[in-house]
Amino acid sequence: MSSNHASPMLDSKIPSGNLKDAWTNHKFNLPLINPANRRKFKILVVGTGLAGSSAAATLAEMGYEVQTFCIQDSPRRAHSIAAQGGINAAKNYKGDGDSVHRLFYDTVKGGDYRAREHNVHRLAEVSVDIIDQCVAQGVPFAREYGGLLDTRSFGGAQVSRTFYARGQTGQQLLLGAYSALMRQVSAGKVHVKTRCEMVDVVNVDGVARGIITRDLVTGAFERHSGDAVLLCTGGYGNAFYLSTNAKTCNVTAAWRAHKRGAFFANPCYTQIHPTCIPVSGDYQSKLTLMSESLRNDGRVWVPETKGDKRLPSTIPESERDYYLERRYPSFGNLVPRDVASRNAKSVCDEGRGVGPTGLSVYLDFADAIARDGRSTIEARYGNLFQMYQRITGEDPYSEPMRIFPAVHYTMGGLWVDYNLESTLPGLFVLGEANFSDHGSNRLGASALMQGLADGYYVAPATVTAHLAGRKLERIPTSHDAFGEAEASSRARFDKLLNVNGSRSVDQMHRALGQLNWDNCGMARTKEGLEKALKQVVQLREEFWGDVKVLGDGRSLNQALEHAGRVADFMEFSELMMRDALVREESCGGHFREEHQTEDGEAKRDDDKFCHVTAWEHKGKDQPHQQHNEALSFENVKLTTRSYK
């Protein structure tokens, strides 16, 4: 039975004193490095999305030597560009009662009270600075007629705090961070290596001192030594095969670090986004997000009657069920994502789903168009409507969109302390790759906020403290630890090439994704998880015994890239299911059907599970060891979450 007893191996380094002054006082107490001495240190940044690009640009601006690594052909292609709806900040430009404390409260509550108060408050604090930084970089946020920055509402909040650039906010923010990064490249302070993948972390005497990469064009393995490693590699949503993530998103970098000593926290916390284009056939390789911002003006509904196959335009208002507005009158269609997703699944399970498969609900803009005019709706969401029409062949201006939940984001990740440092000293984890700020459910428009907060404001201070506080001798890449890491990486890829089985990597990945979705997706049960744990072990054995990877390892080989990532997904999925099994409660994105209220809401068990679960890798074929970090709530009352 789990408990909230804290593990002595997890020192969160939460500062003492008043919450409002904690981050300011903590920064003041961190050791500094003289600007003239910073050029002596080299920092490796893996991943160049919002967290990675902003961190690399800021650290280089401070005077450090920085080297970045990304799997794309340019940092501009990082998956951060796919974020559509906006970025939260407690500016209170609308005068509707927003504040740093309200953003802090909404985020803690939205995460179902499974995140650290101090981390979340820091996030809310720096949110206001992020907007100023991005405006200074030229990010074209939407503006009101008078020229002031505009905001809109997102799920889980009753104020308008989301800044946006139409439906392209992530792309515009990434271009801002990219411009800052390339300024440092031009100055010779950042060296960018593209089209390469980190395949291992180098651990020297218990400290992360470098990485091993594989060139995706030539297949060459390379060694890189540094004084700190920043992992900014995103989430593991593609463990489910079908997700809104880019196809290259993977768990490999985090999993390699995990096997070198970094604990993995809350892997069962995955976010199912309620507003995605539904699955249309077995041929699909990914899904497409429709921004949560659409729920500002779109109304979600299904027919009142089971099996009603009439066209939506022929179903009168009296025979429609606007179920979110009915069940949650205070928040309506802007409930948090986990709540909206579970309700969509529930009405489809009742047989009231729409579309060819019955696995979708309507998102209807007829009232908004009648109220505000088509031109206004087009100005707000034009590119999103165009995307929907091109994919589905349906016109959302004249008929409702069809949407259904899909895997979108992962709240779990490598465990980090308040300084964003993992249990492997010298390895810092930023953005979606860590677990720290969102608890068991992320509110919309908070991912961009966290990535830029970590990169622009937190890591530059805390990485400096690591460099100043530890004696770090230069480690040559000829060191034995580099040789061992490279040799094990080579052996892993050689093994994949030598299996020469009969099933494609994609077939195996699809089977794994279906297993994860059916048993560890929107709803989980003890029986299903126990069965799936046995099946995933069996599937992993089949993978290593029957996968077929064509080509060789000395040139561009995307099948080999995919195989390496799927091999890590196979191992990771077992831990994700194990984490879901031991957490005998429902909270946020983790919904155990055995633990729900009479009206179908998540039922937490704060006495036994008010903690972070962090897993330690104990070696090949050895079970993971569970560690708990107790969560305390002194500034927000631990209460049952309600959006009614």
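I need the peptides 389-398, 99-108 ranked by packing, meaning the mean over residues of other C-beta atoms within 10 angstrom, with the highest value on top.
Top of the packing list down: 99-108, 389-398.
Where does helix 558-582 land angle-wise versus the long Cα axis of the chain, in degrees 0 to 90, nearest 10?
Result, in degrees: 70.
Step through the residues of the stretch 203-208 one at a time and calculate ³J(HN,Hα) from phi using the Karplus curve (6.51 cos²θ - 1.76 cosθ + 1.60, θ = phi - 60°), rounding each to whole Hz and writing x for Gly and Pro.
Values per residue, Gly and Pro as x: 9, 10, 6, x, 10, 5 Hz.
What's the center-to-center distance, using Cα atoms, between the stretch 106-131 and the stretch 367-412 in Å?
Rounded to whole Å, the Cα centres lie 29 Å apart.
Output ³J(HN,Hα) for the stretch 603-613: one whole-Hz value per residue in order, computed from phi by the Karplus curve 6.51 cos²θ - 1.76 cosθ + 1.60 with θ = phi - 60°, and x for Gly and Pro.
So the Karplus estimates, Gly and Pro as x, are 10, 7, 10, 5, 5, 10, 10, 7, 7, 8, 9 Hz.
By its C-alpha gyration tensor, with a ≥ b ≥ c as the square roots of the eigenvalues, how is the stretch 273-408 shaped: rounded for a/c under 1.5, else prolate for a/b larger than b/c, else oblate?
Rounded.
Return the carbon/sulfur percentage of the accessible area of the stretch 273-408, one whole number, probe 1.4 Å, all protein chains in place.
Heavy-atom surface of the stretch 273-408 belonging to carbon and sulfur, 1.4 Å probe: 49 percent.
Can you list the lysines whose alpha carbon sits under 21 Å from that of Lys495, skipping same-chain ones fewer than 8 residues off?
Of all the lysines, those that pass the test against Lys495 - Cα under 21 Å, at least 8 places apart if same chain - are Lys259, Lys548, Lys620.
Quick check: the angle from helix 374-392's long axis to the longest principal axis of the chain, C-alpha only, nearest 10 degrees?
On a 0 to 90 degree scale, this one is about 70.
Just from its helices, what would the mean residue ellipticity at 222 nm be for the chain, if runs of 4 or more DSSP H residues each count -39500 (n - 2.57) and the sum is divided by every residue, rounded to the nearest 500 deg cm²/dmol?
-11500 deg cm²/dmol
Say each of Arg554 and Gln626 gets a label point 7 Å from the Cα, pointing the same way as Cα to Cβ; how far apart are those two points in nm?
According to this spin-label approximation, the distance is 4.9 nm.
What's the extension gain from Asn383 to Ser488 if we count 0.36 nm per residue and subtract their Cα-Cα distance?
33.2 nm
Just going by the charge dipole of the chain, with Lys and Arg at +1 and Asp and Glu at -1 on Cβ, which of Gln507, Val202, Met401 is farthest out on the positive end?
Projecting each Cα onto the dipole axis, the largest value belongs to Val202.
Express the carbon and sulfur contribution to the solvent-accessible surface of the stretch 32-180 as a percent, rounded to the nearest whole number, probe 1.4 angstrom.
48
Could you order peptides 336-349, 370-383 by the average number of other Cβ atoms within 10 Å of their residues, highest first?
336-349, 370-383
Going by average Cβ density within 10 Å per residue, which order do the peptides 54-63, 467-476, 68-77 take, highest to lowest?
54-63, 68-77, 467-476
Give, as a single signed number, the net charge of other residues whose beta carbon lies under 12 Å from the beta carbon of Asn434, with Lys and Arg counted +1 and Asp and Glu -1.
-4
Per residue, how much accessible surface does the chain expose to a 1.4 Å probe? Answer in Å², no decimals.
For the chain, the per-residue accessible area is 38 Å².
Once you place label points 7 Å from the Cα toward the Cβ at Lys618 and Glu634, how far apart are they in nm?
It is 3.4 nm.
Give the lysines whose C-alpha is closer than 21 Å to that of Lys608, dropping any in the same chain fewer than 8 places away, or say none.
Lys109, Lys526, Lys637
So, with +1 on the Cβ of K and R and -1 on the Cβ of D and E, and no other charges, what is the size of the charge dipole of the chain about its Cα centre, to the nearest 20 debye?
Magnitude of the dipole: close to 1140 debye.
Provide the FRET efficiency to the nearest 0.05 for the Arg39-Glu144 pair, computing r from the beta carbons and using R0 = 45 Å.
Values: r = 44 Å, r/R0 = 0.99.
Efficiency for this residue pair is about 0.50.
So what's the net charge close to Ile211: Lys and Arg +1, Asp and Glu -1, counting the other residues with Cβ under 11 Å from its Cβ?
After counting each charged neighbour, the total is +2.
Modelled label-to-label distance, Gln596 and Ser280, 7 Å Cα→beta-carbon offset: nm?
So the label points at Gln596 and Ser280 sit 3.0 nm apart.
Please work out how much length the chain gains when fully extended from Glu571 to Glu319, using 0.36 nm per residue of separation minus the C-alpha to C-alpha distance, in nm with one decimal.
86.0 nm
Starting from the Cα gyration tensor of the stretch 333-407, take the square roots of the eigenvalues, sort them a ≥ b ≥ c, and report rounded, prolate or oblate (rounded when a/c is under 1.5, otherwise prolate if a/b is larger than b/c, else oblate).
Prolate shape, in that a/c is at least 1.5 and a/b is the bigger ratio.
Which value, in Å² and to the nearest 10, is the accessible area of Val159 when all protein chains are kept and the probe is 1.4 Å?
Estimated to the nearest 10 Å², Val159 gives 10 Å².
Determine, from the Cβ-Cβ distance of Lys309 and Ser74 and an R0 of 51 Å, the FRET efficiency 1/(1 + (r/R0)^6), rounded to the nearest 0.05.
Numbers: r = 47 Å, r/R0 = 0.92.
The formula returns an efficiency of 0.65 here.
I need the shape label for the stretch 216-338. Rule: rounded when a/c is under 1.5, else prolate if a/b > b/c, else oblate, with a, b, c from the alpha carbon gyration tensor.
Because a/c hits 1.5 or more and a/b exceeds b/c, the stretch 216-338 counts as prolate.
With both partners inside the chain, how many of the DSSP beta bridges are antiparallel, as a percent to the nearest 5?
Details: 45 of 65 bridges.
Of the beta bridges lying entirely in the chain, close to 70 percent run antiparallel.
Set the Förster radius R0 to 56 Å, insert the Cβ-Cβ distance between Glu542 and Tyr397 as r into 1/(1 + (r/R0)^6), and round the FRET efficiency to 0.05.
The pair Glu542/Tyr397 has a calculated efficiency of 0.75.
Taking 8 Å as the Cα distance limit and 6 or more residues as the minimum spacing, I'd like the relative contact order of the chain as a percentage.
Here the relative contact order equals 21 percent.
Using the Karplus curve 6.51 cos²θ - 1.76 cosθ + 1.60 with θ = phi - 60°, work out ³J(HN,Hα) for each residue of the stretch 637-644 in order, rounded to whole Hz, and write x for Gly and Pro.
In residue order, the calculated couplings are 6, 6, 9, 5, 5, 9, 10, 7 Hz.
The values are calculated or read from the model by the stated rules, or taken from the named source; none is laboratory data. In this text, all values refer to a predicted model and were calculated from it rather than measured experimentally. So basically every Cβ, Gly included, is an ideal-geometry build from the backbone, and we count neighbours across all protein chains shown. For accessibility, only protein heavy atoms count, side chains too; no ligands or nucleic acids. Shrake-Rupley method; radii C 1.70, N 1.55, O 1.52, S 1.80 Å.
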